[in-house]
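Only one structure is covered here, and it is reproduced in the block below.
No value in this document is a laboratory result; all are computed from the given coordinates. The shown structure was predicted, so the numbers you read here are calculated from the model rather than taken from an experiment. Here the Cβ positions follow ideal geometry from the backbone for every residue, glycine too, while neighbour counts run over all protein chains shown.
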Ligand SMILES: Cc1cc2nc3c(=O)[nH]c(=O)nc-3n(C[C@H](O)[C@H](O)[C@H](O)COP(=O)(O)OP(=O)(O)OC[C@H]3O[C@@H](n4cnc5c(N)ncnc54)[C@H](O)[C@@H]3O)c2cc1C
């Protein structure tokens with residue numbers, strides 16, 4: 001039984017491990033953190049649970065292409081309750097509320113009523129949302145692989161994507177904000193600008209909107225921790241071993257083959273190694289010399305980093321009357337890490353059991369405003385990091401209180417994560433957890449191997465831009481398939 005070591009117990013690492021175990025390998029995962037999930041994580045503070053990794057999941061919906069994979073790796077099972085919040089995003093400007101409904105017919109009627117000045121643009125928006133609702137990522141096996149189960153893709157499903165494909169070229173050439181600029185109604189503009197992070201192309205916007213209106217994009221009850229825990233259980237149930245608190249310092253390579261990894265001076269031998277830690281973070285450090293393959297250089301030069309400040313508040317107030325996910329324009333914009341913030345979006349978990357003490361509510365705010373790593377790093381070096389975090393938390397809180405006066409004086413618990421937090425806990429490059437697909441940016445996956453190391457495979461969000469959990473899952477599955485092919489084993493998925 002070939003013996004495999006996987007670096008990282010995030011979504012990609014657990015996925016690769018589960019498929020490798022099913023296919024007959026002996027697998028050990030080395031994870032630097034104390035638990036599974038990587039960026040797919042949440043944390044508790046004084047009775048509040050702050051969801052930090054998964055807000056919507058492509059593949060939550062039965063029959064969707066990723067759903068089978070999430071089930072194969074145990075992330076979703078028959079007992080999993082999936083929450084489909086509707087509306088899934090609300091623009092909650094004072095006096096002007098516009099909502100994104102999952103029911104596209106309801107959404108269209110709602111828009112015509114609330115923004116009649118944009119009738120023509122609304123018609124086009126809804127037509128494209130219907131087209132993108134039929135888009136899916138075909139789950140294919142790599143060539144020349146022996147598989148136990150075949151899952152052919154239906155021709156009709158592929159043909160259903162043609163109308164959306166014809167729109168992709170133009171949507172890829174503009175940002176989501178440019179697209180939103182076609183609308184005269186300011187609330188609708190704001191809503192459309194806040195579905196994806198700043199600077200993403202409009203195609204990313206439609207991928208997400210299409211996902212939501214197709215009956216997908218739900219939230220798993222219990223969130224990231226449950227999802228990562230389910231995968232960990234599936235992995236260990238199949239006989240996999242996880243070593244937590246085991247940061248891999250080096251992949252040991254001899255004669256063009258990996259022989260194992262080194263963890264704090266201890267050698268763990270392996271017949272092959274799958275690296276699921278952020279490729280950008282480890283390309284210069286995990287091997288005896290920096291990786292220099294052209295694709296790694298292209299990744300270093302071409303990756304636009306998605307990162308954020310993540311602000312958590314525990315309010316001693318029942319906020320179940322407020323929208324679950326909303327955005328509102330700021331009368332008084334402010335700067336976060338030198339970048340202007342003109343609107344605030346929040347997630348409100350008041351209606352979720354177990355996220356806060358009785359009568360209280362957990363709220364999170366994500367400020368995804370470009371590459372702020374240098375700002376936070378500098379603040380740390382100057383000893384000002386905690387002060388800067390506190391200032392930001394105060395500023396955001398004051399804007400929330402201005403918009404929702406019932407919050408005044410109710411914030412009992414606060415916690416703020418910056419790119420340095422993600423870097424520290426997840427080992428991601430500059431704390432970035434996805435790749436921004438701006439107009440003209442690469443979307444294709446990177447190769448999974450480098451020259452001179454035949455049995456080392458790369459997986460994880462970074463090798464499949466833009467990243468996120470489905471690409472992490474898919475990349476882990478593909479790494480396991482390469483492994484099977486190279487070792488002459490049959491890939492087993494179920
Ligand atoms: C605030 C936020 C919101 C998000 N929302 C969503 C969402 O709604 N939907 C969605 O699909 N995605 C979302 N994402 C993105 C998603 O969580 C990530 O893209 C995905 O989890 C990445 O998985 P991964 O396995 O590729 O990498 P990671 O999760 O980064 O896992 C890598 C693992 O490797 C470990 N590691 C690193 N270096 C070493 C080493 N040297 N030795 C041992 N272990 C190591 C790390 O500790 C980590 O556990 C969100 C992320 C964040 C931060």
List the relative contact order of the chain as a percent without decimals, with contacts defined as Cα pairs under 8 Å and 6+ residues apart.
24
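Would you please put 14-27, 49-62 in order of how densely packed they are, using the mean number of other Cβ atoms within 10 angstrom per residue and starting with the highest? Mind showing how you got there, number by number?
Working: 14-27: 25.8, 49-62: 22.0.
Answer by packing, highest mean first, reads 14-27, 49-62.
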How many nm is it between the label spots at residue 142 and residue 284, if each spot is 7 Å from the Cα in line with the beta carbon?
2.8
Pull out the extension gain between residue 45 and residue 382, defined as 0.36 nm times the separation in residues minus the alpha carbon to alpha carbon distance; nm, one decimal.
118.6 nm
Report, to the nearest 10°, how far helix 162-172 tilts away from the longest principal axis of the Cα atoms in the chain, using its own Cα long axis and a range of 0 to 90°.
80
What are the extents of the Cα atoms of segment 162-299 along their three principal axes, in Å, largest first?
62, 40, 29
If you average the alpha carbon positions of segment 65-85 and of segment 213-252, how far apart do those two centres end up, in angstrom?
13
Test of understanding: ordering 434, 168 by Cβ neighbours within 10 Å, fewest first, what list do you get?
168, 434
Centroid-to-centroid separation of segment 158-180 and segment 277-342 [C-alpha atoms, Å]:
25
Using a 7 Å offset from the Cα along the Cα-to-Cβ direction at both residue 97 and residue 244, what is the distance between the two label points in nm, to one decimal?
4.2
Highest first, please rank the peptides 299-311, 455-467 by the mean number of other Cβ atoms sitting within 10 Å of their residues.
455-467, 299-311
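Can you give me the convex hull volume of the Cα atoms of the chain, divided per residue and expressed in Å³?
Dividing the Cα hull volume of the chain by its residue count gives 147 Å³.
Can you put 288, 318 in order of Cβ neighbours within 10 angstrom, beginning with the fewest? Mind dumping the intermediate values first?
On the way: 288 8, 318 15.
So the residues, fewest neighbours to most, are 288, 318.
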For the chain, percent of DSSP beta bridges that are antiparallel (nearest 5) comes out at 70
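Could you put 292, 475, 193, 254 in order, starting from the residue whose Cβ has the fewest other Cβ atoms within 10 Å?
Details: 292 11, 475 29, 193 23, 254 8.
Lowest count first: 254, 292, 193, 475.
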Evaluate the distance, in nm, between pseudo-label points positioned 7 Å from the Cα of residue 158 and of residue 221 along their respective Cα→Cβ axes.
3.9
If you average the alpha carbon positions of segment 371-402 and of segment 25-53, how far apart do those two centres end up, in angstrom?
24
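Give me the extension gain from residue 342 to residue 262: residue separation times 0.36 nm, minus the current Cα-Cα distance, reported in nm with one decimal.
Numbers: separation 80, 0.36 × 80 = 28.80 nm, distance 4.69 nm.
Full-extension gain reported as 24.1 nm.
Helix-only estimate, please: 222 nm mean residue ellipticity of the chain, summing -39500 (n - 2.57) across DSSP H runs of length 4 or more and dividing by its residues, to the nearest 500.
Roughly -10000 deg cm²/dmol at 222 nm, from the helical runs in the chain.
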Taking a ≥ b ≥ c as the square roots of the eigenvalues of the Cα gyration tensor, with a/c under 1.5 meaning rounded and otherwise prolate when a/b exceeds b/c and oblate if not, segment 308-430 is prolate
